[in-house]
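Undergrad: Sharing a structure with you now.
The values are calculated or read from the model by the stated rules, or taken from the named source; none is laboratory data. Here the structure is a predicted model, which is why all the values come from computation and not from measurement. Please note: Cβ atoms are built from the backbone with ideal geometry, for glycine as well, and neighbour counts cover all protein chains shown. Just the protein is used for accessible areas: all its heavy atoms, side chains included, with ligands, DNA and RNA removed. Shrake-Rupley method; radii C 1.70, N 1.55, O 1.52, S 1.80 Å.
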Amino acid sequence: MNIYTSIPLFSAIIYFVLIFFVLNSGINNTKRSFIFYLSAMVVWSVTAFLVHGDFFSNTRLVHEVVVAAGFLTPIAFFYFASAFTNRVSHLLIILSLVFLVALLILDFGGYIVLSATVENGVLISEMSTIYFILYICVFVFVGIGVYYFIKHYRNSNDPLERNRVAYLIFGMVVLIAFNVPNFIEATAKYPIDHIGNVIYALLITYAIMKYQLLNIKFIFRIGLTYVLLIVPLMALYIGILIASLYYFPNISPLAIGIFTTIMVLVLVVAFRTLNRRAQELVDRFFYRDTYKHRQLLLNIDNKLGGVINLSQLADEILPTLCRALRISRAQLLLRDNTGSFVAQFAYPEIEDNEVALALNTDNPMISWLEKKNRPFELRELENIPEFKSLWQSEIDDVSSSKLGLFCPVKNKGVLTGIFALGKKQNGIYSQEDLEMTMAVASQAGLIIENAQHYSQALLKANTDGLTGLYNHRHFHERLEQEIARSSRFGTVFSVIIADIDLFKVYNDNYGHLAGDEVLRHIGEYIKSSIRSIDIAARYGGEEFSVILPETRLIDAQVVAERIRKTIELKTNSREMPVTVSVGVASWPIDGVMKEELINRADRALYTAKQNGRNRVCLSTDIIDIGAASSIKEAEVNPKSLSMIYALAATVDAKDHYTYGHSRKVSEYAVALVEGAKLPKEKISIVRAAGLLHDIGKIGIPDSILNKKEPLSHEEWEPIKAHPQLGVAIIRHIVDLTDCLPAILHHHEHYDGSGYPAGLKGKNIPVEARVLSIADAYEAMTSPRAYRKQMTTEEAIAELKSHSGIQFDPELVQMFCKILEVTPSWHTT
């Protein structure tokens with residue numbers, strides 16, 4: 001037995017084993033057609049073995065059987081492709097049968113094999129032209145089968161099915177490659193085509209018998225990596241070996257053995273060292289711009305293992321999923337208090353006109369994900385029997401979400417979340433995409449559960465156990481954060497403090513359990529009356545507080561009134577109706593410090609109580625008796641004044657160009673008052689006003705203050721409002737009330753074209769006229785982002801050119817004289 005007989009015999013044995021294996025796994029139409037295909041190859045291999053072994057004297061007859069079986073094999077492949085893809089064409093079936101009948105007549109009639117002999121196990125035959133014509137015909141049927149597979153691959157929505165078909169197409173490519181030598185004279189005598197058929201049969205068996213196939217792209221990548229490594233290393237090894245033998249022809253066999261062993265060890269070490277780098281290069285070639293993001297996802301456990309913040313977790317995973325999978329959106333659905341899965345995090349964020357996706361506890365999609373533990377695409381909704389019970393409204397909600405895939409996130413067998421991913425750009429998720437998503441989900445399950453436990457513990461620590469609102473401590477934390485945020489971005493916010501009227505009487509009459517029930521209900525009424533971004537808390541006892549971000553005092557009054565009316569309406573059926581009195585204050589008008597703001601809201605609440613209860617009072621409604629106590633506080637407590645000056649420094653520090661501006665303006669203004677021989681009490685007024693004249697800019701965003709380009713009309717509005725805001729901030733400081741006119745009117749123009757009141761000439765307070773000149777000179781002689789610094793001469797010329805228009809001409813003349821004798825103020 002030689003290679004010409006052993007390969008066909010070995011192939012036949014493998015085919016028999018595969019037939020037995022398929023028969024014992026249950027029969028269906030696809031497997032039945034595959035068994036027919038295997039049977040045809042058994043006949044072909046056995047007859048090839050017989051003809052190459054020269055067991056019969058009539059070699060030509062045996063070779064005719066080989067030809068018949070050889071042509072029957074591709075026809076059987078066509079039948080298998082038709083059955084696998086459910087594409088049965090009766091016309092093609094009839095044509096194939098006609099072809100087989102014609103083949104048998106021509107073959108056994110002696111029109112195909114003209115002669116056949118065996119020499120040393122090698123078949124030497126002469127074939128007629130009809131043989132090659134039949135070969136072309138049979139390849140038509142093979143081409144149709146391949147077309148069926150390709151069409152089935154493109155039309156399939158199931159990634160597993162697409163991967164299965166990819167195996168069959170890849171096997172067909174291998175089979176064709178191994179049949180090419182039949183047409184080359186030098187290799188036609190070797191049974192290479194049998195090797196290709198064995199490989200293809202094994203691939204088909206694997207594809208139709210195993211449910212979860214290895215990803216063919218993964219296999220190809222690994223194979224390419226090994227080829228890139230082994231081929232150069234083997235070429236290097238052979239080259240070194242040949243060179244060694246060439247230059248050292250008398251080397252002993254022992255030396256060759258030692259040298260070979262060392263080379264093998266070196267190559268093994270080199271292979272292990274280069275393998276990771278080669279795999280990285282291959283992966284980068286396959287994944288291109290998504291490679292980095294895929295690597296991040298596959299190693300996300302190392303990066304996010306210590307993360308206990310759900311928001312941070314979502315910010316890391318969701319954008320990376322979008323970039324790695326080339327999808328437009330991704331959402332993380334988590335259980336809410338009702339057990340439903342709701343989209344709590346999304347990338348990009350859910351727009352205002354969109355509704356967050358929610359899957360109720362009884363939604364079949366949830367039970368399917370929990371039971372099957374694998375993703376599904378939305379296009380499969382109609383094909384999955386469990387989803388037939390979906391309501392039409394549920395189908396509409398999911399269909400309108402612009403999502404394409406749902407992937408379960410589980411930990412210890414429990415569904416903790418769901419990744420809802422957008423539709424693929426090419427419309428289909430590959431098996432590799434699904435495997436990577438599941439890998440991320442398996443890593444994220446434990447992280448999400450830990451983050452949820454942490455969030456629940458944090459929420460419990462920050463929450464009042466009775467009402468479910470935030471507690472006193474967390475209210476103060478959030479208030480400090482809101483002050484910092486509003487200071488940074490130049491926004492305002494308001495605070496509401498509400499107190500239950502005559503609550504002690506209610507407790508005395510109905511007991512503390514009934515009182516607790518009232519507190520719980522009022523907490524619910526407050527939450528239902530405010531926005532999701534507002535912060536409601538139980539301030540203490542029967543007091544409640546609410547922070548309203550980016551809300552003016554007048555708007556906060558509307559919210560407070562809504563809370564008051566809701567509580568009054570919901571509780572008026574009781575024997576003793578429950579009402580609340582409410583006080584409202586706003587930052588920074590009513591105070592820039594936390595204590596000041598709360599104090600103003602408390603005093604407004606006290607005013608509401610004094611005026612008959614069950615009403616809302618603003619900080620502007622505070623009664624005189626409270627104002628008197630406020631004056632006393634301001635006189636004995638200098639902390640507020642210190643905070644004002646600190647804020648003035650903060651305004652200067654917002655832009656390094658204006659650092660120290662207020663101090664210089666104050667210095668220039670005092671010199672002008674003294675030079676103009678104004679009353680001495682004006683000196684202390686302009687000194688303080690100079691320091692505080694721009695304090696209202698605390699409410700102007702940095703983007704406007706630091707803008708180099710000309711401001712738009714909308715951007716000028718907050719600039720023009722800063723004198724009024726400055727007055728609102730400091731008007732409660734008794735020691736500074738004399739500064740208010742100068743601060744409010746320092747942007748008035750002498751001709752009446754200024755703001756905010758459009759005052760003209762001597763109607764403008766003299767302190768404001770002084771401040772206007774000092775402010776303008778300091779601004780002109782200092783560098784700015786939008787213009788160069790002026791010299792003293794240029795600034796004086798500018799002041800004189802606007803004398804009588806923007807500035808008081810008498811004060812301009814006096815200021816210019818002061819500049820002449822004060823060289824330390826000059827700039828060049």
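Undergrad: Amide H neighbours of F376 under 5 Å, counting only residues 5+ apart in sequence or on other chains, H built in-plane at 1.01 Å?
TA: F406
Undergrad: Could you tell me which of rounded, prolate or oblate describes segment 20-94, using a ≥ b ≥ c as the square roots of the eigenvalues of the alpha-carbon gyration tensor, with rounded for a/c under 1.5 and, failing that, prolate when a/b is larger than b/c and oblate otherwise? List each step's numbers first, then the result.
TA: On the way: a/c = 4.64, a/b = 1.79, b/c = 2.59.
In terms of gyration-tensor shape, oblate.
Undergrad: Mind ranking 322-333, 130-141 by how tightly packed they are, going by the mean number of other C-beta atoms within 10 angstrom, highest first?
TA: Working: 322-333: 20.3, 130-141: 15.7.
Per-residue Cβ counts within 10 Å, averaged per peptide and sorted highest first, yield 322-333, 130-141.
Undergrad: Where in segment 783-815 does the amide nitrogen come within less than 11 Å of the point 7 Å from the Cα of K708, taken along Cα to Cβ?
TA: 785-787
Undergrad: Here's something else I'd like to know. With each pseudo-label sitting 7 Å past Cα toward Cβ, what's the F285-Q344 distance in nm, one decimal?
TA: 4.5
Undergrad: Specify whether the C-alpha gyration tensor of segment 323-416 places it in the rounded, prolate or oblate class, a ≥ b ≥ c being the square roots of the eigenvalues: rounded for a/c under 1.5, otherwise prolate if a/b is larger than b/c and oblate if not. Could the numbers behind the result be given before it?
TA: On the way: a/c = 1.29, a/b = 1.19, b/c = 1.08.
Taking the square roots of the gyration eigenvalues as a ≥ b ≥ c, segment 323-416 is rounded.
Undergrad: For the pair S400 and S801, how long in nm is the line joining their label points, each one 7 Å along Cα→Cβ?
TA: Here the modelled spin labels are 6.2 nm apart.
Undergrad: While we're looking at this one, here's another question. Cα centroid distance between segment 254-286 and segment 102-117, in Å?
TA: Segment 254-286 and segment 102-117 have Cα centres separated by 53 Å.
Undergrad: Could you check the spin-label model distance between I238 and K460? Points 7 Å from the Cα along Cα→Cβ, value in nm.
TA: Result: 7.0 nm between the two label points.
Undergrad: Which value, in Å³ per residue, describes the convex hull spanned by the Cα atoms of segment 691-828? Could you put the intermediate results ahead of the total?
TA: Working: hull volume 16.6 nm³, N = 138.
In segment 691-828, the Cα convex hull volume per residue is 120 Å³.
Undergrad: Mind checking the full-extension length gain between I124 and R326? Use 0.36 nm per residue of separation minus the Cα-Cα distance, one decimal, nm.
TA: Details: separation 202, 0.36 × 202 = 72.72 nm, distance 5.70 nm.
Between I124 and R326, full extension yields an extra 67.0 nm.
Undergrad: Hand me the tally of lysine pairs in segment 670-743: alpha carbons under 23 angstrom apart, and the pair either on different chains or 8 or more positions apart. All intermediate terms of the calculation are to be shown ahead of the outcome.
TA: On the way: K697/K707; K697/K708; K697/K720; K707/K720; K708/K720.
For segment 670-743, the number of qualifying lysine pairs is 5.
Undergrad: After finding the eigenvalues of the alpha carbon gyration tensor for segment 672-742, what semi-axes result from the square roots of 5 times each, listed largest first in whole Å? Kindly include the intermediate steps, with their values, before the conclusion.
TA: Details: eigenvalues 162, 45, 15 Å².
That gives 28, 15, 9 Å for the three semi-axes.
Undergrad: Give the carbon-plus-sulfur fraction of the accessible surface of the chain in %, rounded to a whole number; probe 1.4 Å, heavy atoms of protein chains only. Show your work: numbers first, answer last.
TA: On the way: 24760 of 41570 Å².
Heavy-atom surface of the chain belonging to carbon and sulfur, 1.4 Å probe: 60 percent.
Undergrad: Given a 1.4 angstrom probe, what's the average accessible area per residue across segment 652-778, in square angstrom? Each step should come with its number before you reach the end.
TA: On the way: 5550 Å² over 127 residues.
Value for segment 652-778: 44 Å² per residue.
Undergrad: Given contacts defined as C-alpha pairs under 8 Å and at least six residues apart, what's the relative contact order of the chain, whole-number percent?
TA: Contact order relative to length: 6 percent.
Undergrad: Work out from phi, with θ = phi - 60° and the Karplus expression 6.51 cos²θ - 1.76 cosθ + 1.60, the ³J(HN,Hα) of each residue of segment 322-334, listed in order in whole Hz, and give x for Gly and Pro.
TA: Rounded to whole hertz, the list is 4, 6, 6, 9, 6, 10, 8, 7, 8, 10, 10, 9, 10.
Undergrad: Put one equal scatterer on each alpha carbon of the chain, apply the Debye formula with no solvent term, and list log10 I(q)/I(0) at q = 0.05, 0.09, 0.11 1/Å to two decimals.
TA: Each listed q corresponds, in turn, to -0.56, -1.04, -1.28.
Undergrad: If you don't mind, there's one more thing I want to ask. Enumerate the residues in segment 806-824 having an amide nitrogen under 20 Å from the point lying 7 Å beyond the Cα of E793 toward its Cβ.
TA: 813, 815-824
Undergrad: Straight-line reach only, C-alpha to C-alpha below 22 angstrom: list the lysines that K371 could link to, leaving out same-chain residues fewer than 8 apart.
TA: Cross-link targets: K210, K388, K410, K412.
Undergrad: Then there is this: By the gyration tensor of its Cα atoms, with a ≥ b ≥ c the square roots of the eigenvalues, what is the shape of segment 92-144: rounded for a/c under 1.5, prolate for a/b over b/c, or oblate?
TA: Values: a/c = 2.84, a/b = 1.94, b/c = 1.46.
The shape class here is prolate.
Undergrad: Still on this model: On a full-extension model of 0.36 nm per residue, what is the gain between R784 and S311, subtracting their alpha-carbon distance, rounded to one decimal in nm?
TA: Going from the current span to full extension adds 166.3 nm.
Undergrad: Report the extension gain between I150 and Y135 in nm, rounded to one decimal, defined as 0.36 nm multiplied by the number of residues separating them, less their alpha carbon distance.
TA: Values: separation 15, 0.36 × 15 = 5.40 nm, distance 2.23 nm.
Fully extending the segment from I150 to Y135 adds 3.2 nm.
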